[in-house]
1. Being among the polar types (S, T, N, Q) and touching a residue at least 60 places away in the same chain (Cβ under 8 Å) is the filter here; which residues of region 177-196 pass it?
2. Cβ-Cβ distance below 7 Å, separation of 6 or more or different chains: which pairs start in region 48-60 with a residue that is open to solvent by less than 10 Å² (accessible area, probe 1.4 Å) and in a strand (DSSP E or B) and end on one that is modelled with pLDDT of 95 or more and of a type in the set (S, T, N, Q)?
3. When both residues are 6+ apart or on different chains and their Cβ atoms are under 8 Å apart, which pairs have a first residue that lies in region 211-227 and is under 11 Å from residue 148 (Cα atoms), and a second that is crowded, with 22+ Cβ neighbours inside 10 Å and modelled with pLDDT under 95?
4. Please go through region 149-202 and give me each residue that is β-branched (Val, Ile, Thr) and within 22 Å of residue 63 (Cα to Cα), ordered by number.
5. So, in region 78-94, how many residues would count as being among the basic types (Lys, Arg) and over 21 Å from residue 117 (Cα atoms)?
6. When the residues of region 150-179 are narrowed to those that are open to solvent by less than 60 Å² (accessible area, probe 1.4 Å) and acidic (Asp, Glu), which ends up nearest to residue 92 (Cα to Cα)?
7. Would you say residue 88 is touching a Lys or Arg at 6+ places or on another chain (Cβ under 7 Å) and of a type outside the set (Asp, Glu)?
8. So, restricting to helices (runs of 4 or more DSSP H) that lie completely within region 201-271, which ones have at least 1 residues that are open to solvent by 30 Å² or more (accessible area, probe 1.4 Å) and modelled with pLDDT under 95?
Amino acid sequence: MKLRYLSMIVCLFLTSCGQTIHSKTNLTVGEIKKTPNKEVTYLEVTQPHTDSQIIFIHGSPGEKEGYLDYLSKTELQSKATLISIDRIGFGQSKLTPEPSIIAQAQAIAPLLSQNTILVGHSLGGPIALQVALLYPEQIKGMIIVAPAFDPSLEEPKWYNWLAAYPPVSWVLSEPMLTSNKEMMPLADELTKLAEKNWNNLNMPITLIHGEEDSIADPRNSLFAMKLLPESNTKLIMAQREGHFVLWQNVELISREIELILDRVNAINLSLE
């Protein structure tokens, strides 16, 4: 009985660190596809009349369906192909845990076009940034929501240590175990990411962070602002919002996505 109670507490904490609030949209949209190597499964809403695409990257734990509110928005559907992925380790993708931020980014590479905008939430934020560092010519903009960037703020918590070992690990679900395997080395992964040169990123970048985020400390975004170029980066600190601003303020996030998307499409039209 004590083990069950302890496991429930740990599971509650782990779940609070990831994607616990799902899309309010119950409709299935788009088509489920896989990358050529079958590692990544994704949901795609195709727009054949534009070369622009938006790739949505979830946190930990998470799944592609977490972005259904965005995939269902006609304003976005009319301007770009929309792709929401199951990251490696989750959903219908390859279920081997992959804590490496670089490996997660490389797995997304087959989906990139020459006009890709990235949207990343929580752990999806540093993964999106890593994609941009690896493939800067293909990434035309980023919206990063409630990210984890500062290694000093992302050391394993007490519940991560409990979840990493029996008997608690015996009773946790696979998504929770996979998430915890990402969280344990996250500080080291973020240290490696921070050692790279972010200042060369020349695409428009918007950071959005809830002022009341108790899961990914808002100081994570302040840390990122010190490393990103001032000329093309902006930070929105959303009042009365927490870690789940992605779902609780869809209009705010969508508006910022559209601003970057319209800018990218305008540039593409001018080059025709």
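1. 178, 179, 180
2. 55/116; 56/84
3. What qualifies is 215/17.
4. 171, 178
5. Matching residues across region 78-94 total 1.
6. Applying the filter and picking the extreme gives 154.
7. Taking the combined requirement at face value, the residue satisfies it.
8. Per the criteria, 250-271.
The values are calculated or read from the model by the stated rules, or taken from the named source; none is laboratory data. Note that this is a predicted model, so its numbers are computed, not measured. Every residue, glycine among them, receives a Cβ derived from its backbone with ideal geometry; neighbour counts consider all protein chains shown. For the accessible areas, the whole protein counts, side chains as well, though only heavy atoms, and no ligand, DNA or RNA atoms are used. Shrake-Rupley method; radii C 1.70, N 1.55, O 1.52, S 1.80 Å.
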